[in-house]
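Read-outs: derived from the displayed coordinates by stated rules, not from any lab. In this text the structure is predicted, and so the values were computed from the model without any measurement. With ideal geometry, Cβ positions are generated from the backbone for all residues, glycine too; neighbour counts draw on all protein chains shown.
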Amino acid sequence: MKTIAILANSTITFGSLSILCLITLHFVSSEIKPNFRMVSEYAFGNHKWLLTLFFISWGLCSMTSAFMLWNIVTSGWAKFGVLLVFITGIGAIMGGLFDVQHKLHGLSFGIGVPFLPIGSLIITYHLLKNAEWQNNSTILLLSSHSIWISLILMAGSMFLLFSSLKYAGVAYGPDQRPMTELPKGVIGINGWANRFLVFCYLAYPIITAKISLNILELKK
């Protein structure tokens, strides 16, 4: 029980620090327009260290959450879900070590983003089989399902951006510098979708950690 409490508190601390870093970046790097610039593009600003801290804190939040949940779940299938949460943390830390200008940043995204939607759903439906978790079913279901919804929204917003760029006759590719302003007629909401995804990816481990602490408190 003590181990779970330590890991839960660590998860909340790292997750809160990551969110705080992102909010701070929004103000200190205001030249990076949040509506169409991705979070990773804060690397082009003057506070790259803060972005690195954001990603590493995100990764540690996921990892400590995985260690915590490993001590809670009981089935092999649920432990597989926990492993996916841990892998998500590896990807987030890689995102901090290899910024958007590095060739490994795409791999970081591929490791850090696709697995949590699956892992969180496996874990949530396993936890809801236990009576002590059922009182929190609404927040657990909302937080776990919001993850895959946020991923679809971000994918849709990226499609909207590139299709409107093409329609406006604007050539844009991976070898070009990021846009500082949106061309006329181009729809850019992908930045907000990206930030919503980050929030959902951090909210789930924080929420499960908080519920774990509440359950431990009731057992005293």
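For this structure, a couple of remarks:
- Taken over segment 95-116, the criterion of being more than 22 Å from Phe44 (Cβ to Cβ) and buried (at least 22 other Cβ atoms within 10 Å of the Cβ) is satisfied by Leu116 alone.
- Pairing each residue of segment 179-193 that is small (Gly, Ala, Ser) with any residue that is assigned to a loop (DSSP other than H, G, I, E, B), provided the two are 6+ apart or on different chains, yields C-beta distances under 6 Å for Gly185/Ala168; Gly188/Asn35; Gly188/Phe36; Gly188/Leu182; Gly191/Pro34; Gly191/Asn35; Gly191/Phe36; Gly191/Arg37.
- Filter pass, Ala78 being touching a His at 6+ places or on another chain (Cβ under 6 Å) and within 28 Å of Trp133 (Cβ to Cβ): yes
- Filtered residues of segment 35-82 (kept if farther than 24 Å from Leu216 by Cα, of a type outside the set (Phe, Trp, Tyr) and part of a loop (DSSP other than H, G, I, E, B)): Asn35, Arg37, Met38, Gly45, Asn46, His47
- Of all residues in segment 179-207, those satisfying the criterion of being of a type outside the set (Gly, Ala, Ser), part of a loop (DSSP other than H, G, I, E, B) and surrounded by 15 or more Cβ atoms within 10 Å (Cβ to Cβ) are Met179, Leu182, Val186, Ile187, Ile189.
- Check on Ile87, assigned to a helix (DSSP H, G or I), farther than 17 Å from Phe199 by Cα and touching a Phe, Trp or Tyr at 6+ places or on another chain (Cβ under 8 Å): yes
- Selection status of Ala92, over 13 Å from the mean Cα position of the chain (by Cα), part of a helix (DSSP H, G or I) and surrounded by 19 or more Cβ atoms within 10 Å (Cβ to Cβ): no
- Count of residues meeting criterion [in contact (Cβ under 8 Å) with a residue 24 or more places away in the chain, of a type in the set (D, E, K, R), under 23 Å from Leu218 (Cα atoms) and not in a helix (DSSP H, G or I)] in segment 95-143: 0
- Count of residues meeting criterion [buried (at least 19 other Cβ atoms within 10 Å of the Cβ), in contact (Cβ under 8 Å) with a residue 40 or more places away in the chain and among the polar types (S, T, N, Q)] in segment 1-39: 2
- Residues being surrounded by 15 or more Cβ atoms within 10 Å (Cβ to Cβ) and of a type in the set (Phe, Trp, Tyr) are entirely absent from segment 150-168.
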